[in-house]
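The values are calculated or read from the model by the stated rules, or taken from the named source; none is laboratory data. What you see is a predicted model; the values in this text were computed from it and never measured. Positions of Cβ are generated from backbone atoms using ideal geometry, with glycine treated the same way; all protein chains shown enter the neighbour counts. In case anyone asks, the SASA skips ligands and DNA or RNA and just uses the protein heavy atoms, side chains included. Shrake-Rupley method; radii C 1.70, N 1.55, O 1.52, S 1.80 Å.
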Amino acid sequence: MAVGGFVVVGADAGRRYGGGVTAFAALSCVTAAMGGAIFGYDIGTAGGVSSMDPFLRDFFPDVYRRMKEGGAARASNYCRFDSQLLTLFTSSLYIAGLLTAVLLASSVTARRGRRPSMVLGGAAYLAGAAVSGGAVNVSMAILGRALLGVGLGFANQAVPLYLSEMAPARYRGMFSNGFQFSLCLGALLATVVNYGAAKITAGWGWRLSLGLAAVPAALLTVGAVFLPETPNSLVQQGKDRGEVRALLQKIRGTDAVDAELDDIVAASAATRQGGASGLRLLLTRRRYRPQLAMAVLIPPFTQLTGINAIGFYAPVLLRSIGMGESASLLSTIVLVVISSAATLASMFAADCFGRRTLLLAGGAQMLAAEVLIGALMAAKLGDEGGLGRAYALALLLLIGVYSTGFGWSWGPLSWLVPSEIFPLEVRSAGQSVTVASGFVFTILVAQYFLAMLCRMKAWLFFFFAGWIAVMTAFVYLLLPETKGLPIEQIDKVWAEHWFWKRVIGADEAQASEKL
């Protein structure tokens, strides 16, 4: 049945496969999740480095001068960091990631497998860390960011697919949400490093922050070399059934894997019979319209919560309200710890309460927090001066409430849901669309947030609140529940959904129900 987009497809549907969680599968997924750590480290590093005086003095002297000016020449609180060159430093990574995801990563992941893409991603990120840490001018710093973006393009394409395909169906939420939890740990590492680096009086602390991105990248690169490929990818590449069956038995810890293997083989056979590329199938077949809509819309919705604006520029934002450099970095550490704890809770809650429940409750929590943040800044923060201590603490508390709501809902689930809803024949292409869509809006937020903050001031947070209301309604009406369903059977939920069954048509719905 369907009520407001909620669909139930057999209470025991996700438990018909044999096996459970094995140490082999868990260790493989922990290693792969380092792809999230490199993403999180970058998000945490970019904002922290951009608030450090030595970095601004060396690379962005105009911004540094506005920070230090006093009297009539002093810039507005909302405009001190408004520099398109500074935001290009942040967004160049995501421009490179977008081009990599669209032009390279999808085909490599589909044809060569998830593991080679992770190796390539880690290697490119290592190169980017070296160039960034050794930068001597703005052009070199931006080149380093672009190389980091190539690494993220491959990692964000391959890692969520790897986690979804390796995880047992009834624990897929926990395994896949490990990507976001790893992202939070990467961001936490970055904020701690930033805090310590800012204390280095010689002025080279920012090089340490940027260069240490090599640590999670090395863990991913070396670890991926020893990872097994996913059974789904091996079947897609035409490997021997006996070889795949032996690997699946090792992953699941049982000999009873024939039902799962049959579903994987059937999904792969559909690709060969279609004779078209995954991207062409995804764009032309009505059967895939619901999944395509999720891939196109969920990543932009995630960005329009405003989370990356806060993630990129939290130290910058806190300095804008009058905090010092050290205090703003320390406060950011506290916020990341809170967000990490919420994401850890989501790893267990997603398979217990379901995806929809967490997205709806998290959306309501973020909406309330954004409205209050905007109201506080509009009422108490003018163009000059800072917030009083009590109001600054209240603002930090509200940002913490907001970060918690994101951490246990849209943060991890915006990676989980798109990675699990695509049939095998279009899975790599679908993930490519998801990554590309996310990068496009990440670029827009990274490039224009500071300019929007300067012009819209506190109203910017009401802008984000409006989008949170829209995306929460979207989930209620249009996203079915996928908790516990085997990954190769999720196609069924669209054929039973009150709206999507009309979009895909009767013939396509019947085809989905037979899978």
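General observations
- The set of residues in the range 136-154 being touching a Ser or Thr at 6+ places or on another chain (Cβ under 6 Å), within 16 Å of residue 45 (Cα to Cα) and open to solvent by 10 Å² or more (accessible area, probe 1.4 Å) consists of 142, 146.
- The set of residues in the range 323-337 that are among the aliphatic types (A, V, I, L, M), modelled with pLDDT of 70 or more and either open to solvent by less than 40 Å² (accessible area, probe 1.4 Å) or closer than 24 Å to residue 163 by Cα (or both) comprises 333, 335, 336, 337.
- First in the range 53-66 and within 15 Å of residue 197 (Cβ to Cβ), second anywhere and not charged (D, E, K, R) and not in a helix (DSSP H, G or I), Cβ under 6 Å, 6 or more apart: 54/203
- Of the residues making up the range 343-373, those that are open to solvent by 10 Å² or more (accessible area, probe 1.4 Å) and among the small types (Gly, Ala, Ser) are 345, 349, 361, 364, 368.
Let's see how each residue does on (1) under 22 Å from the mean Cα position of the chain (by Cα); (2) modelled with pLDDT under 85; (3) within 26 Å of residue 154 (Cα to Cα):
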| site | (1), (2), (3) |
| --- | --- |
| 425 | no, yes, yes |
| 436 | yes, no, yes |
| 444 | yes, yes, yes |
| 451 | no, yes, no |
| 464 | yes, no, no |
| 468 | yes, no, no |
| 474 | yes, no, no |
| 479 | yes, no, no |
| 489 | no, yes, no |
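- Scanning the range 264-286 finds no residues that are more than 26 Å from residue 108 (Cα to Cα), free of Cβ contacts under 8 Å to residues at least 60 places away in the same chain, outside the structural domain of residue 26 (by the TED database) and of a type in the set (D, E, K, R).
- Single condition residue 420 does not satisfy, out of (1) at pLDDT 80 or above; (2) more than 18 Å from the chain's Cα centre (by Cα); (3) of a type in the set (Asp, Glu): (2)
- Number of the exception - residue 200 against (1) in contact with a Leu (Cβ under 8 Å, 6 or more places away or on another chain); (2) crowded, with 20+ Cβ neighbours inside 10 Å: (2)
- Residue 262 at pLDDT 85 or above, farther than 25 Å from residue 393 by Cα and not in a helix (DSSP H, G or I): no
- Qualifying residue in the range 383-399 (condition: assigned to a helix (DSSP H, G or I), open to solvent by less than 20 Å² (accessible area, probe 1.4 Å), within 30 Å of residue 266 (Cα to Cα) and out of contact with any Phe, Trp or Tyr (no Cβ under 8 Å at 6 or more places or on another chain)): no
- Scanning the range 186-242 for residues that are more than 25 Å from the chain's Cα centre (by Cα) and aliphatic (A, V, I, L, M) turns up 197, 198, 200, 202, 234, 235.
- Within the set 297, 279, the sole residue that is modelled with pLDDT of 75 or more, open to solvent by 60 Å² or more (accessible area, probe 1.4 Å) and under 21 Å from residue 165 (Cβ atoms) turns out to be 279.
- Looking at the range 65-139, the helices (runs of 4 or more DSSP H) lying wholly inside it that each contain 3 or more residues that are at pLDDT below 90 sit at 84-100, 106-111.
- Condition check for residue 465: open to solvent by less than 20 Å² (accessible area, probe 1.4 Å) and either of a type in the set (Asp, Glu) or more than 23 Å from residue 282 (Cα to Cα) (or both): yes
- Residue in the range 18-29 that is under 30 Å from residue 129 (Cα atoms), at pLDDT 75 or above and not in a helix (DSSP H, G or I) present: no
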